[in-house]
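Chemist: The structure is given below, and queries will be raised subsequently.
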Amino acid sequence: MKDREIGDTRPRGRHKNELVSCQTGVFENIPATLGEKMAKSAKVTQKTGHLVSPLAPKTIAKLPPLAGVRLATAAAGVRYKNRTDVLLVLLAPGTRVAGVLTTSKTASAPVLWCREKLANAEARVLVVNSGNANAFTGNAGREGVSTIAGEAAAVAGCRPQEVFMASTGVIGEPLPAEKITAVLSDLVTQGAAGNWRAAADAIMTTDTYPKTATATALIDGVKVTINGIAKGSGMIAPDMATMLSFVFTDANLPASVLQDCLNAAVGPSFNSITVDSDTSTSDTLLLFATGKGGKHTPITNASDKKLAQFRKALDEVLLDLALQVVRDGEGAQKLIRVDVSGAESDTAAKRIALSIANSPLVKTAIAGNDANWGRIVMAVGKSGEAADRDRLKISFGSHVVAEKGMRAAKYNEALATKAVTGREVQIAVELGLGKGQARVWTCDLTHGYIDINANYRS
């Protein structure tokens, strides 16, 4: 999650090859051939005025109504005008909740609130705002959270400890809590089961498209549904959490089971993506179970075989959302998958994969269609994990570029370049030391990322 937004979408032509008009879709100051290619497929999101990522899904998943969930959004003017920036989710009595949150030592006030309230395992309301992260805001930040929770509880008819919150936007700016509390009463009356797209829109910051996913599963023969939304585009390197992501199911599961399922699912999904190696102060993933779907056999343990389909569906929803976040990386033009095998352990493989995925040299080389496998060698070596030069093998796509301590005997520059030229790039590293393996996803690093982050408070 990017803990800030771009509020000013005026042209910012400062550099020779800069895209200077995101809001209108006009491509200026870009080499003609590149500009023409981008213009053909470019669309501008109505929410933020940014060009939609070329890696965006062709369609946005339409989520079905979910028993026990009502949603409403409002333009409260938390930071910007004429943009929905508050989401209220009303949950049926008896809803259980689980969550994973950022491990940042400078966590936001809403994260601290959720961390404390998760112990209660019950939820009735979720309040999310964009435009202001309410992070590093001292006592005022904590008081703002308490004020919003109190008002949300009052209008929804529940206890403050059943209210969960999340914020995304600029760090260090006082949160205008009064602007949020002012719209909550109306949102309660406006809540509807089908407002999923509006909900995904309301939590966007520098995102270029809303992120939604849905799946169904059987629990002992009874159909249940899982719906999820997420936001994220920059400041993406989750650590036991996500950006902002909220997942809902009508299954009847206790909080302890939800938590075990979530802990297992977050590792190969949100905790296996990175855009810029920066872990947010506000990363929040919450999983709610209303229990209002069809009646199924009570589940008391996450390892129950009756839960197998549900766990698979949850894994799929989280991975879907996580990959949508990477595809929307700020300035991204390519999705990069990094596979590491033959490491001493899975942990070692993960560290090596992230070393590659987070390397600015690797990411810029891919952005420039440069099959510079030496960058991969460098990233493996700097990871701190065991590696043997003479056992190391590196591939771009299906083409082996390095092995046995040197450039591969059948190395072909044209084939290597072709492998890193498309929208999706695969990098594989085999260490030949053990059975450890890992897969992570990232995106390339372009001038677009610099432009966005050099001007985000302007």
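Chemist: Among the residues of region 297-314, what is the count of those that are under 16 Å from L262 (Cβ atoms) and polar (S, T, N, Q)?
Modeler: Within region 297-314, residues that are under 16 Å from L262 (Cβ atoms) and polar (S, T, N, Q) number 2.
Chemist: Can you list the strands (runs of 3 or more DSSP E) found entirely within region 61-134 that contain at least 2 residues being open to solvent by 50 Å² or more (accessible area, probe 1.4 Å) and touching a residue at least 12 places away in the same chain (Cβ under 8 Å)?
Modeler: Where strands (runs of 3 or more DSSP E) fall fully within region 61-134, none carries at least 2 residues being open to solvent by 50 Å² or more (accessible area, probe 1.4 Å) and touching a residue at least 12 places away in the same chain (Cβ under 8 Å).
Chemist: Taking region 387-429 on its own, how many of its residues are in contact (Cβ under 8 Å) with a residue 40 or more places away in the chain, part of a strand (DSSP E or B) and open to solvent by less than 60 Å² (accessible area, probe 1.4 Å)? Don't jump to the end; show me each part of the working.
Modeler: From region 387-429, those in contact (Cβ under 8 Å) with a residue 40 or more places away in the chain are 387-388, 391-392, 413, 416-417, 419-429; that's our starting set.
Next cut, part of a strand (DSSP E or B) only: 424-429.
Okay, now just the ones that are also open to solvent by less than 60 Å² (accessible area, probe 1.4 Å), so 425, 427-429.
Here the count works out to 4.
Chemist: Can you tell me how many residues in region 243-285 are under 20 Å from A67 (Cβ atoms) and acidic (D, E)?
Modeler: Number satisfying all stated conditions: 1.
Chemist: Scan region 294-310 for residues that are in contact with a strand residue (DSSP E or B) (Cβ under 8 Å, 6 or more places away or on another chain) and open to solvent by 40 Å² or more (accessible area, probe 1.4 Å) and jot them down.
Modeler: We begin by selecting, within region 294-310, every residue in contact with a strand residue (DSSP E or B) (Cβ under 8 Å, 6 or more places away or on another chain); these are 294-297, 299, 306-307, 309-310.
Result: K295, T297, K306, Q309.
Each row is one residue, and each column tells you yes or no for (1) touching a Ser or Thr at 6+ places or on another chain (Cβ under 7 Å); (2) outside any helix (DSSP H, G or I); (3) open to solvent by 20 Å² or more (accessible area, probe 1.4 Å).
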| site | (1), (2), (3) |
| --- | --- |
| E178 | no, no, yes |
| T189 | no, no, yes |
| A213 | no, yes, no |
| A241 | yes, yes, no |
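Chemist: Same structure, new question: Looking at region 261-293 only, could you name the residues that are in contact with a Gly (Cβ under 9 Å, 6 or more places away or on another chain) and open to solvent by 10 Å² or more (accessible area, probe 1.4 Å)?
Modeler: Matches in region 261-293: D276, D278, G291, K292, G293.
Chemist: Checking N271 against (1) touching a Lys or Arg at 6+ places or on another chain (Cβ under 7 Å); (2) under 22 Å from R311 (Cβ atoms), which single condition isn't satisfied?
Modeler: Checking N271 against (1) touching a Lys or Arg at 6+ places or on another chain (Cβ under 7 Å); (2) under 22 Å from R311 (Cβ atoms), the one that fails is (1).
Chemist: Regarding region 151-169, can at least one residue be identified that is touching a Ser or Thr at 6+ places or on another chain (Cβ under 8 Å), open to solvent by 40 Å² or more (accessible area, probe 1.4 Å), among the hydrophobic types (A, V, I, L, M, F, W, C) and in a helix (DSSP H, G or I)?
Modeler: Checked against the condition, which is being touching a Ser or Thr at 6+ places or on another chain (Cβ under 8 Å), open to solvent by 40 Å² or more (accessible area, probe 1.4 Å), among the hydrophobic types (A, V, I, L, M, F, W, C) and in a helix (DSSP H, G or I), region 151-169 yields at least one hit.
The values are calculated or read from the model by the stated rules, or taken from the named source; none is laboratory data. Every value quoted in this text rests on a predicted model; they were computed, and no experiment measured them. Neighbour counts are summed over all protein chains in view; Cβ atoms, including those assigned to glycine, are modelled from backbone coordinates with ideal geometry. Only protein heavy atoms, including side chains, enter the accessible area calculation; ligands, DNA and RNA are left aside. Shrake-Rupley method; radii C 1.70, N 1.55, O 1.52, S 1.80 Å.
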